Amino acid sequence: MTSPTRTTARIGDPLNRVDGVAKVTGQARYAAEHPVEGLLYGWVVSSGITKGRIVRIHDEGARALPEVVEVMTHTNRPQLPPFDHSYTDAVSVPGSPFRALYDEKALFNGQPIAVVIAGTLETARYAASLIDVEYESESHNTDFAVALTSQFVPNDKRSTFEPPQSRGDAHAAYDAAPLKVAADFHVPAYYHNPMEMHASTVVWEGNGRITVYDKTQGPQNVQAYLAAVFGFSPEHVRVKNPYVGGAFGSGLRPQYQVYLATLAAKMLERSVRVVLTRQQMFSHVHRPETVQTVALATDTSGRLQAIINDAATSTSRFEDYMETVCDWGLMNYACENASAKYTIARVDTYTSGDMRAPGAATGMTLFELAVDEMAYAASVDPLQFRLINYSDKNAMDGTPFTSKALREACAQGAEKFGWSRRTPAPRSMRDGRELVGWGVATGIWDALFEKTSAHAKLLPNGDLEVATAASDIGTGTYTVMAQVAADTLGLPIEKVTATLGDSALPKSTVEGGSKLAASAGAAVQHVCRGVAEKLLVAADQLEGQPLGGARMEDVTFAQGRIALKSDATRSISFGDAMSAAGLDTIEVEDSPAWHSGGSSQTRKSRNTHNAIFAEVKVDEELCVVRVTRIVIAVAAGRIINPKTARSQILGGVVMGIGMALHEETATDHRLGRVMNHNFAEYHIPAHADIQDIEVIFVDEPDPEVTPLGVKGVGEIGIVGTAAAVVNAIYHATGKRVHSLPVTIDKLLV
Amino acid sequence: MNRFSYVRAAGVAEAVREGSARQVRFLAGGTNLVDLMKENVERPQRLVDINRLPLHKIDDLEGGGLRLGALVTNADTAYDPRVERRYPLLASAILAGASPQLRNAATNGGNLNQRTRCYYFYDPATACNKRQPGSGCGAIGGVNRIHAILGASDQCIATHPSDMCVALAALDAQVRVTGPDADRVIAFSEYHRLPGDQPWRDNDLRPGELVTAIDLPAEDFSSHYTYLKLRDRLSYAFALVSVAVAMRLDGERITEVRVALGGVAHKPWRSPVAESGLAGEKASQANFLAAAHVLTEGAVGQGGNDFKIELARRAIVRALKQAANGTPQSQTDKRVF
């Protein structure tokens, strides 16, 4: 029987997800779905106050239930290390990391204060409802507007954070310029709310060993954290996350459920699972609330004379989360005078953290609202305004970009959208009863690269396995890893198995910052090239040397064979080469050198860019807004898989539409409590809110940026999208809204 | 969720008998009750499953009306050809609510008896007079974007979340109820209550009483009607303001009109004065605006929902226009007509 001819998978092919069938048939197991014998279930009891002291936890009712194994609180928990350094992780921020059940202090509303552990989930949940907690409350503040009165610049900054760089004299230039705009902009806090709730299954293996199935974006980060906190030796902690149901950054740092499940497992020496509820998903990390003052000035032709961009973001009382908010506009626009100031302010919540394009999704979006206002003040078409003030280099630090095809993105996006047919005056376009608005914005994000290791193993039949401890959080990492491997060794995609999501695999960075495709992709290509080199050496062992001692540059790898470029009839199958050398397998484990592919990490700026065009239709009387069309043109270097990449951009755009129109955390500041903590009332776009979205990938060859020329696409789709929509709402209605989301009430006035 | 016992009633009499005990809830579609149990808002000691009761039919009534069984699903009701033809306002309102999955499970009786979506009612860590009498109202002075502007009390500013009920109010439906004492028929306008000083009572049902059917009178509003729902996204959100209009016209003159508002009060809101004021008048912008002002007379904002007063007025005017023009709001095309 012959198998059908399969073609070599190539980088750039729009392949289907290799894990798609497993996901849609329920074969893909997530953190809370791994069966374990004798498993106990933990139900988290959350604090009903915001700040103060737990006086007493009345758990007699819960303990009276025979199936309840334990009620774990700060009074009976196993011993924990006393110093902060034990609780830090690879991506933690300066301060004192939260320790659940450590002591009697309540630091934020919804804080986990007890875990009821029982033989069934239902019993644990019921028993939790019987627990009564006595508190001693202290005054708190969750209102960011109030907190801003004591905003500050922390001395200790997170290692990846660099303050924005000012240039020239922006305030003098602003004062002297003929045309200017200034406004305060605001976004609320956003909760990541991936589809999959945060969950951990801790398997007690005995002999001081645990295996943890965790919802995380970095299994090795969780491994190191659990080892440090709970006193395991690192090799005795194995963390697996083969499938992750979205995360958007909420799984970058070890989340409190994995801490609680491990603490309970250690206390009881049993396997324990803890799954948070949707309500509890509003009790931990979130995108910070942000205010931004943007002042811009131009000459009479619309050339920027001054940029002033000050921002403040929220953090907790116990850690100083900072993100890059102010830089993006200063980088992207040519202007001799620019100043930026970035501060943080404390509220009594959990620490804010990275969420999809942290700092840029808010900072660049709000900046792009101001740019639109400036363009109108200068009577320049908003797209033209961006081209007039285009900067070919990073305007903030003067370094060249490895590539910046934003001009092409603007041109291709505008052409597809039909921007030239736009009439500039607000309220000048109509469709029946509805006002029509066309808005534009641009976006920018980092193209990061981090050293990553991978393993490759080839069998004589051409089956190839590649592995790295990276995480696929739904972005398509399995697929693009398999694709890069298949491309390198000239195999059909079906011959490649990618293995991810296991701390025991070769070291990988956490999945965040849109760097995984570039970083893990380079590692996979590197080890697959290593396999190819070994294959070629093996081929030389074959009697008669059919390839004539050819070197790597003389041969191609395709269809499971090595062939001479000069004479394709002279070829050897992988299997023949391996058997000639007496090899059962060829294995390589390594990481590519930091500077491979001619990259120079320090001297150039590495960024993705986009241009977004939005059409809205607004009912004039009722202020109902519909986003009828989006065109987004993305310049993100080489695209490994246009299909999965497009899905990432679509997801980012949908999230951006949610920022523009829907998403908002509603806190009762008297209580310090998020009140819309469920999906009925915390609104994200429904299907009806999403119409046509067209994604264009602009050709942007960039051999310098990363070894594969890949820049990453996980985040660039959200940056600026809300600005395009809100600018379109202005064009439709003539109304400027400075505080997102633009809900009906804000247009009604 | 607390522990509870469960019984499946074989017939109406058994259900009523079981349902008369304290701390018992009837279980039909469960789309609201089960959620509330998971949140520890509802903590029944016993559930009486009524899904086997013979209340699953839609029957023609003598004289041209329609009887909707209490256990017919919202989806089956909305897509019933008789409902679509004779009561398109009702079909439209049902399809404006929830999601297809929920409408497939939720029943007509359950729709009437669903509880408010007030954030504080749903969160046992906060005060709520409806959930825990005497504990206070967290929504007053709190987060109250979705709360009532009409008919609220100083003890409760919750709204009734149903879309279907707004149409039923406009259609002058009747609720058929059975119970330990006798069968009753309750006019729709009398079925739901205002919160007053007993906000825990959503409706006029007495202990043990069970909704068996909803009767629709034989009146024809199929030419001039609309259900216009405004919300914070284009689907799958509860109404900020919704308007059901049933109208009859003689040329340009209105012979009869009913207007019911949703999302603004503890019950679907009607104003006999506004309706009778429009009768005999021209279907004009000025008259519609005047009616809108009468309908929202006495409206009071709570801070977060002040905008709903103006929004309600504009929505009433637009809905009256839609009905007069014979261009009812589509529930699939989200453009407002």
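For segment B:226-267, the set of residues classified as aromatic (Phe, Trp, Tyr) and either farther than 17 Å from residue B:312 by Cβ or in a loop (DSSP other than H, G, I, E, B) (or both) consists of B:236, B:238, listed by residue number.
Criterion first (surrounded by fewer than 17 Cβ atoms within 10 Å (Cβ to Cβ), in a strand (DSSP E or B) and out of contact with any Pro (no Cβ under 9 Å at 6 or more places or on another chain)) does residue A:10 satisfy it? Considered against the rule, which asks whether it is surrounded by fewer than 17 Cβ atoms within 10 Å (Cβ to Cβ), in a strand (DSSP E or B) and out of contact with any Pro (no Cβ under 9 Å at 6 or more places or on another chain), residue A:10 comes out as no. No other residue among A:370, A:357 is touching an Asp or Glu at 6+ places or on another chain (Cβ under 7 Å) and either assigned to a helix (DSSP H, G or I) or open to solvent by less than 10 Å² (accessible area, probe 1.4 Å) (or both) apart from A:357.
Residue-by-condition table, conditions (1) open to solvent by 50 Å² or more (accessible area, probe 1.4 Å); (2) over 23 Å from residue B:162 (Cα atoms); (3) away from every other protein chain (no Cβ under 14 Å):
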| residue | (1), (2), (3) |
| --- | --- |
| B:9 | no, yes, yes |
| B:14 | no, yes, yes |
| B:28 | no, no, yes |
| B:39 | no, no, no |
| B:52 | yes, yes, yes |
| B:58 | no, no, yes |
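Got a sec? Which of A:317, A:273 is at pLDDT 95 or above and closer than 17 Å to residue A:226 by Cβ? It is A:273. For the structure I just gave you, tell me whether residue B:100 is within 14 Å of chain A (Cβ to nearest Cβ) and open to solvent by 60 Å² or more (accessible area, probe 1.4 Å). Judged against the criteria, residue B:100 is a match. When each of A:490, A:513, A:521 is tested for being touching a Ser or Thr at 6+ places or on another chain (Cβ under 7 Å), in contact (Cβ under 8 Å) with a residue 40 or more places away in the chain and small (Gly, Ala, Ser), the lone residue that passes is A:490. Within segment A:538-560, no residue satisfies the criterion of being among the β-branched types (Val, Ile, Thr) and under 18 Å from residue A:583 (Cα atoms). Consider segment B:211-236 and keep the residues that are under 19 Å from residue B:69 (Cα atoms) and within 17 Å of the chain's Cα centre (by Cα). The one that is surrounded by the fewest Cβ atoms within 10 Å (Cβ to Cβ) is B:215.
Within segment A:685-699, restricting attention to residues that are under 28 Å from residue B:116 (Cβ atoms) and surrounded by fewer than 18 Cβ atoms within 10 Å (Cβ to Cβ), the residue that is farthest from the other protein chains (Cβ to nearest Cβ) is A:687.
With A:619, A:584 as the choices, which residue is out of contact with any helix residue (DSSP H, G or I) (no Cβ under 6 Å at 6 or more places or on another chain) and outside the structural domain of residue A:430 (by TED's automatic domain parsing)? Residue meeting the stated conditions: A:584. The set of residues from segment B:315-337 being of a type outside the set (D, E, K, R) and either assigned to a loop (DSSP other than H, G, I, E, B) or open to solvent by 40 Å² or more (accessible area, probe 1.4 Å) (or both) comprises B:325, B:326, B:327, B:328, B:329, B:330, B:331, B:332, B:336, B:337. Which of the residues that make up segment A:713-749 are buried (at least 20 other Cβ atoms within 10 Å of the Cβ), within 14 Å of another protein chain (Cβ to nearest Cβ) and more than 20 Å from residue A:425 (Cα to Cα)? Passing the criteria: A:740, A:741, A:742, A:743, A:744. Here the condition is being more than 14 Å from every other protein chain (Cβ to nearest Cβ) and among the aromatic types (Phe, Trp, Tyr); of B:236, B:191, it holds for B:191 alone.
With a requirement of 3 or more residues that are surrounded by fewer than 18 Cβ atoms within 10 Å (Cβ to Cβ) and assigned by TED's automatic domain parsing to the domain that holds residue A:676, the strands (runs of 3 or more DSSP E) lying completely within segment A:152-247 that satisfy it span A:179-187.
Could you grab me the full set of residues in segment A:115-151 that are open to solvent by less than 50 Å² (accessible area, probe 1.4 Å), touching a Ser or Thr at 6+ places or on another chain (Cβ under 6 Å) and more than 14 Å from chain B (Cβ to nearest Cβ)? Scanning segment A:115-151 gives a single hit, A:144. Once segment B:133-158 is narrowed to residues that are of a type in the set (A, V, I, L, M) and surrounded by 24 or more Cβ atoms within 10 Å (Cβ to Cβ), the residue that is farthest from the other protein chains (Cβ to nearest Cβ) is B:152.
Do the conditions hold for residue A:273, that is, is it over 30 Å from residue A:381 (Cα atoms) and assigned to a strand (DSSP E or B)? Answer is yes for this residue.
Yes or no: residue B:118 within 14 Å of chain A (Cβ to nearest Cβ), out of contact with any Asp or Glu (no Cβ under 9 Å at 6 or more places or on another chain), surrounded by 24 or more Cβ atoms within 10 Å (Cβ to Cβ) and without any contact (Cβ under 8 Å) to a residue 40 or more places away in the chain? When the stated conditions are applied, residue B:118 does not pass them.
The values are calculated or read from the model by the stated rules, or taken from the named source; none is laboratory data. This is a predicted model, so every value here is computed, not measured. For neighbour counting, all protein chains shown are included, and Cβ atoms are generated from backbone atoms with ideal geometry for every residue, glycine included. To get the accessible areas, we keep the full protein, side chains included, count just its heavy atoms, and leave off ligands, DNA and RNA. Shrake-Rupley method; radii C 1.70, N 1.55, O 1.52, S 1.80 Å.
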